[in-house]
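The structure under discussion appears below in the form of structure tokens.
The values are calculated or read from the model by the stated rules, or taken from the named source; none is laboratory data. As the structure is a computational prediction, the values presented were derived from the model and not from experiment. Positions of Cβ are generated from backbone atoms using ideal geometry, with glycine treated the same way; all protein chains shown enter the neighbour counts.
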Amino acid sequence: MRMPRPSPVQNYLDSLQAKGRYTFTHRELSANVPTTSASLKLALHRLGKKRRILRVHNGFYVLVPLEYQASGILPPTWFTHDLMTHLGCGYYVALLTAARLHGAGHQASQEFQVMTDAPLRNIEAGGLRIRLLRKTHLAITPIQEKKVPTGFLRVSIPEATALDLVRYAHVAGGLDNVATVLSELAERIGRTARSSHDNEALCPFGQR
């Protein structure tokens, strides 16, 4: 019995993953796959039911490789930069999420916290909640570009993370929780922005 041939949409998405890409937009797919709008919609629906893809935001999708199909979504560190680029806004990973990336505040969290320079609604997809908080003077916050499997991610440096945690304590578990995280984060305060083990790069926001 012959196996069904992969659809043009499936072939294109497989080619993206082969290049190390795990995100795509509806517009990109339409431009690169010669098919009708109805066929494209049907293919996306079928791939979604198979948990091969997940729509995170209007027109923005992530590919879900086999090892992540049980959870139904990629780790948000893999696609946040592409998502923020798609939304057309500045950003950096902040608060409890940034603290964990710096090695502090190891307790599990139900949300991924991101500062942006635009008023955006929080995003919920695949059991993941991305909390988007607007910060007026986002551009002056010093950040690090942390390497991730799909590229890089903008993260507030430990000092800026500490200041944000105090300012936004109401979304960081309250002052008691913030104090606990700060005690762990203190070990990172004042360290050089470039280290030999993770090759992080310190830069003003928006310079890259």
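Go through (1) within 26 Å of Q144 (Cα to Cα); (2) touching a helix residue (DSSP H, G or I) at 6+ places or on another chain (Cβ under 9 Å); (3) free of Cβ contacts under 8 Å to residues at least 60 places away in the same chain; (4) not hydroxyl-bearing (S, T, Y) for L87 and report which single condition fails.
In the conditions (1) within 26 Å of Q144 (Cα to Cα); (2) touching a helix residue (DSSP H, G or I) at 6+ places or on another chain (Cβ under 9 Å); (3) free of Cβ contacts under 8 Å to residues at least 60 places away in the same chain; (4) not hydroxyl-bearing (S, T, Y), L87 misses (2) alone.
Considering each residue of region 87-98, count those that are crowded, with 19+ Cβ neighbours inside 10 Å and either of a type in the set (V, I, T) or over 14 Å from L133 (Cα atoms) (or both), and give that number.
Residues in region 87-98 being crowded, with 19+ Cβ neighbours inside 10 Å and either of a type in the set (V, I, T) or over 14 Å from L133 (Cα atoms) (or both): 2 in total.
Which residue out of A18, A31, A43 is surrounded by 12 or more Cβ atoms within 10 Å (Cβ to Cβ) and at pLDDT 90 or above?
A43
So which of G105, G126 is under 18 Å from L83 (Cβ atoms) and either at pLDDT below 95 or of a type in the set (A, V, I, L, M, F, W, C) (or both)?
G126
So that you can scan it fast, the table gives a plain yes or no per residue for (1) assigned by TED's automatic domain parsing to the domain that holds K49; (2) in a loop (DSSP other than H, G, I, E, B); (3) farther than 26 Å from L175 by Cβ:
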| site | (1), (2), (3) |
| --- | --- |
| D82 | no, no, yes |
| T97 | no, no, no |
| A104 | no, yes, no |
| M115 | no, no, no |
| A118 | no, yes, yes |
| E124 | no, no, yes |
| I130 | no, no, no |
| L133 | no, no, no |
| T136 | no, yes, no |
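In region 146-160, what count of residues is obtained for those that are under 16 Å from F79 (Cβ atoms) and assigned to a strand (DSSP E or B)?
8
Out of the residues in region 170-208 that are touching a helix residue (DSSP H, G or I) at 6+ places or on another chain (Cβ under 8 Å) and among the charged types (D, E, K, R), which is modelled with the highest pLDDT?
Going through the qualifying residues, I end up with E184.
Name the pairs: first residue in region 59-82 and closer than 19 Å to T116 by Cα and touching a residue at least 24 places away in the same chain (Cβ under 8 Å), second residue of a type in the set (A, V, I, L, M, F, W, C) and in a helix (DSSP H, G or I), Cβ to Cβ under 7 Å, at least 6 apart or on different chains?
What qualifies is F60/L83.
Can you tell me which of L132, L63 is touching a Pro at 6+ places or on another chain (Cβ under 9 Å) and of a type outside the set (V, I, T)?
So the residue among L132, L63 that is touching a Pro at 6+ places or on another chain (Cβ under 9 Å) and of a type outside the set (V, I, T) is L132.
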